[in-house]
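Here the structure is laid out as structure tokens; the discussion comes afterwards.
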Amino acid sequence: MTNPPERDNPVTALGRSFLRLLGELGAMFIFMLDGFRHIFASTKQLPKIVNQVYVIGYKSLFVILLIGIFTGMVLGLQGYYTLVKFGSEGLLGAAVALTLIRELGPVLTAIMVTGRAGSSMAAEIGVMRITDQIDALDVMDINPMGYLVSPRIAASLVAFPLLTALFDVIGIIGGYVTGVMLLGINEGVYFHRIATSVELADVTGGFMKSLLFALIVSTVSCYQGYFTHMRRDGMGPEGVSNSTTSAVVMSCVLVLVADYVLTSFLL
């Protein structure tokens, strides 16, 4: 009789998983650099980038505005009933604006675009991989990185800050609707607190986060789709499904981790 294979102890299994994660993050970083390099390879990239700005940015506009208005309204409602306990309800405008501009605007925008456009990137490229369309591009001497990945990375770098700015503005309007129109805070006080509390560094920090999140979401989504055929947990349509799921989950986790790291440096 043959002895059953020995199982790794928990520490070994955890270490192996951690090393595998580090290896995949390193591969994604190299993938991102390669894709970023091809952005400037040819002037023919511009029409592809514009098309992807439409797909990633414009088509995500409705969900961003919808989530933004309700996020601002909830912040206004919760902020009012918190601040009124301390007699500081006049600070509601500053609380809503700073929360949106510093944190919720970039983070929620990235998560919403991940769910709408990031999953689409992973699925589209994954289908092209399993149907040998990417191999066909190689045969026709068309670089797949420059044709598929680079325009999506460049378009994300354009679309994410614009969507974040719209999210911030519509969120502040949502806070105005709740705080001023429904709860009776003075309109002048609301906007005065915003004007005196929000600084250029707050806005710049929010846009820096949105650019970082754009790189993360576009890279992870394209990477998962591009290497669908190398997955261990499924092939064909199942592999595309798993790649799409992995792209969304990993993008959201990395966005939150990057948000904490970047916030610790900006504060």
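Residues checked against (1) touching a Ser or Thr at 6+ places or on another chain (Cβ under 9 Å); (2) within 20 Å of Gly26 (Cα to Cα); (3) not basic (Lys, Arg):
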| residue | (1), (2), (3) |
| --- | --- |
| Ser197 | no, no, yes |
| Ala201 | no, no, yes |
| Phe207 | yes, no, yes |
| Ser210 | yes, no, yes |
| Phe213 | yes, yes, yes |
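Listed here are the residues, each with its yes/no results for (1) touching a helix residue (DSSP H, G or I) at 6+ places or on another chain (Cβ under 9 Å); (2) surrounded by 19 or more Cβ atoms within 10 Å (Cβ to Cβ); (3) assigned to a helix (DSSP H, G or I).
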| position | (1), (2), (3) |
| --- | --- |
| Val220 | yes, yes, yes |
| Tyr223 | yes, yes, yes |
| Asp233 | yes, no, no |
| Met250 | yes, yes, yes |
| Ala258 | yes, no, yes |
| Ser264 | no, no, yes |
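Test Phe207 against the criterion of being aromatic (Phe, Trp, Tyr), crowded, with 21+ Cβ neighbours inside 10 Å and in a helix (DSSP H, G or I), and give yes or no.
When the stated conditions are applied, Phe207 does not pass them.
What is the residue count in the range 75-109 for residues that are in contact with a Gly (Cβ under 9 Å, 6 or more places away or on another chain) and in contact (Cβ under 8 Å) with a residue 40 or more places away in the chain?
Let us first name the residues in the range 75-109 that are in contact with a Gly (Cβ under 9 Å, 6 or more places away or on another chain), namely 75-77, 79-80, 83, 89, 91-93, 95-97, 99-106, 108-109.
Now narrow it down to the ones that are in contact (Cβ under 8 Å) with a residue 40 or more places away in the chain: 75-77, 79-80, 89, 91-93, 96-97, 100-106, 108-109.
The number of residues fulfilling the criteria is 20.
What is the number of the single condition among (1) touching a helix residue (DSSP H, G or I) at 6+ places or on another chain (Cβ under 7 Å); (2) farther than 23 Å from Ser119 by Cβ that Phe31 does not meet?
(2)
If you scan the range 200-215, which residues turn out to be among the polar types (S, T, N, Q) and in contact (Cβ under 8 Å) with a residue 40 or more places away in the chain? Outline the logic, then answer.
In the first step, residues of the range 200-215 are kept if they are among the polar types (S, T, N, Q); the result is 204, 210.
Listed by number, the list holds a single entry, Ser210.
Only one of Leu162, Leu166 is farther than 26 Å from Arg37 by Cβ, surrounded by 15 or more Cβ atoms within 10 Å (Cβ to Cβ) and within 18 Å of the chain's Cα centre (by Cα); which?
Working: Leu162 fails: farther than 26 Å from Arg37 by Cβ.
The conditions single out Leu166.
It is to be established whether one or more residues within the range 153-163 are out of contact with any helix residue (DSSP H, G or I) (no Cβ under 8 Å at 6 or more places or on another chain) and farther than 30 Å from Gly236 by Cβ.
Within the range 153-163, one or more residues are out of contact with any helix residue (DSSP H, G or I) (no Cβ under 8 Å at 6 or more places or on another chain) and farther than 30 Å from Gly236 by Cβ.
Could you name every one of the helices (runs of 4 or more DSSP H) located completely within the range 1-120 that has at least 3 residues being modelled with pLDDT of 90 or more and surrounded by 15 or more Cβ atoms within 10 Å (Cβ to Cβ)? Show your work before the answer.
Details: elements: 10-37, 45-56, 61-83, 92-99, 105-113.
Filter on the range 1-120 gives 45-56, 61-83, 92-99, 105-113.
Is it the case, given these coordinates, that Ile49 is under 21 Å from Val253 (Cα atoms) and out of contact with any His (no Cβ under 7 Å at 6 or more places or on another chain)?
On the way: under 21 Å from Val253 (Cα atoms): no; out of contact with any His (no Cβ under 7 Å at 6 or more places or on another chain): yes.
Judged against the criteria, Ile49 is not a match.
The values are calculated or read from the model by the stated rules, or taken from the named source; none is laboratory data. Everything numeric in this text was worked out from a predicted model, so none of it was measured. All Cβ positions, glycine included, derive from the backbone under ideal geometry; neighbour counts span all protein chains shown.
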